[in-house]
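The next block holds one structure in the form of C-alpha cells; read it before the comments.
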Amino acid sequence: MRVDAHLDLAYNALNLGRNLTLPLEALRRQEGLSETPLVSLPSLREAGFGLVFATVFVDPRGHEGHLFEEALRQVALYLEWERQNLVRILRSGRDLKTHALAYPKDGVLGLLLLLEGAHVLPEPEALDELHARGVRMVGLTWATKNAYAGGNAEPAPLSALGEALLARMERLGMALDVSHLADTAFFPVMARFKGPVAASHANARALTPTPRHLSDEMLLALRVRDGVVGVVPFNAFLDVSWTRGMPRLPISACLAHKAYLEARLGPDRVGLGSDWDGGFGLESLPLGLEAHKDLVRLGDEAFLGGNWIRWLQTWL
C-alpha cells in the first residue's frame, strides 16, 4: 500500500471548489485554472495509494476571526466522505491494521488527519475537539509565525503557549510534524516534545538553501528520533533558482534530494510527501511526473509507502 504524507484535500475541495470525487481528467477540463490539477480520489486509487496524510489547512491570511470554524468545516468534509464510504479515517493502530486488510479488497482510501498550522487553535485546549473528530498529527506552524511558534517565513521561538500545546499533544498521543518550523523553534520543539516526530513534506536545505527545508543538523535530530521525512517533488523546492514559467526540471533533481536525505537519515526514514495541489500544479513538477501513477519512478515500495507505515505502527 502506497502512502503520500501530505495532501491538502479538504482545502482544494472547499476553498478551490474542486470536486475531488471526479476523475483527474475531468478536473483538468475545468475552465479558469492557473495550473493543471494533480490529485483526485480516483487518481489516488488508480495509482495504488491507499493512505494519505490529509491536511486541515486554513490559510492564516484569510478567514480572519473564524480560523477554528474553518478547520472544523474541513474536518467535517472528511467525516462526510467517510460516511459516504469514500475514505476510511485512521484513528488508532487497530484502524491501521483493519485498513491494511480491507484496502486490497475495497480500495477505500485511508486518511490520517494532519493539522497544518496551530494558528487555527484559539487556545491549546481547542485541540481536544479536533482530536475527538479524528485529527492525529499536528504541525505547529505554516510559513507564518503564530502564538505557538515561528514559521520558516517569519522566524520566532517556541512560546510558552507552544510548550503547553506540545504537552497536550503528548497527553492525547498525537504526532508532531516539524515541516515549516523556524530554525529558532525547531530545536526547542524537538527538545520539549517526547512523542513521535516526522517532517511530512520537506527537502534537503543543502540542495535547496532556504529556511523552508531541513538543515543537516535538523536531519540528524530527526534521525535520532527515528523520524521520517517526506520528499516534495515540486520544482521550486528542488532547485532554488527555478521559478514558475521556466522549463520543468529533470526528474534527477528530485532523485538528488531523495539520495541526500537517505544518506543522512537512512533509506528507511525517507518517504513521499508530495504536497501536490498545495499551491502548484503539473507545470511545476519535474518531467516525467504527470500524476500519482508516475511516482513509481522515484523509488521502491519502502519509499512509496512502507517507511511511513512502519513509522505509524510505532505510535498510532
Looking only at the chain, where both bridge partners belong to it, what percent of the DSSP beta bridges are antiparallel (to the nearest 5)? 5
Mind checking segment 254-316 for GluC sites (Glu not before Pro) that DSSP puts in a loop (not H, G, I, E or B) and that have at most 15 other Cβ atoms within 10 Å? 290
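Can you give me the relative contact order of the chain as a percent, contacts being Cα pairs under 8 Å and 6 or more apart?
Values: 651 pairs, mean separation 61.2, N = 316.
Across the chain, relative contact order equals 19 percent.
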When the helices in the chain are scored as -39500 (n - 2.57) per DSSP H run of 4 or longer and the sum is shared across all residues, what 222 nm value do you end up with, to the nearest 500 deg cm²/dmol? -10000 deg cm²/dmol
Please compute the per residue accessible area over the chain with all protein chains in place, 1.4 Å probe, rounded to a whole number of Å². 38
Quick one: go through segment 34-51 and flag any residue whose amide nitrogen is under 16 Å from the point 7 Å out along the Cα-to-Cβ line of residue 82. 51
For a quick check of your reading of the filter: which trypsin sites (Lys or Arg not before Pro) in segment 1-49 sit in a DSSP loop and have no more than 14 other Cβ atoms within 10 Å? 29
Show me the trypsin sites (Lys or Arg not before Pro) within segment 53-125 that DSSP assigns to loop and that have at most 11 other Cβ atoms within 10 Å of their Cβ. 61
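With all protein chains present, how much of the accessible area of the chain (probe radius 1.4 Å) comes from carbon and sulfur, to the nearest whole percent?
About 55 percent, which is the carbon plus sulfur part of the accessible surface.
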Each label point is 7 Å from the Cα along the Cα-to-Cβ direction; what then is the distance between the points at residue 26 and residue 187, in nm? 5.2
Whichever lysines have a C-alpha closer than 28 Å to that of residue 293, once near sequence neighbours (fewer than 8 apart) are set aside: 97, 105, 258
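The values are calculated or read from the model by the stated rules, or taken from the named source; none is laboratory data. Model, not experiment: these values are computed from the prediction. We place every Cβ from the backbone using ideal geometry, glycine too, and count neighbours over all the protein chains shown. To get the accessible areas, we keep the full protein, side chains included, count just its heavy atoms, and leave off ligands, DNA and RNA. Shrake-Rupley method; radii C 1.70, N 1.55, O 1.52, S 1.80 Å.
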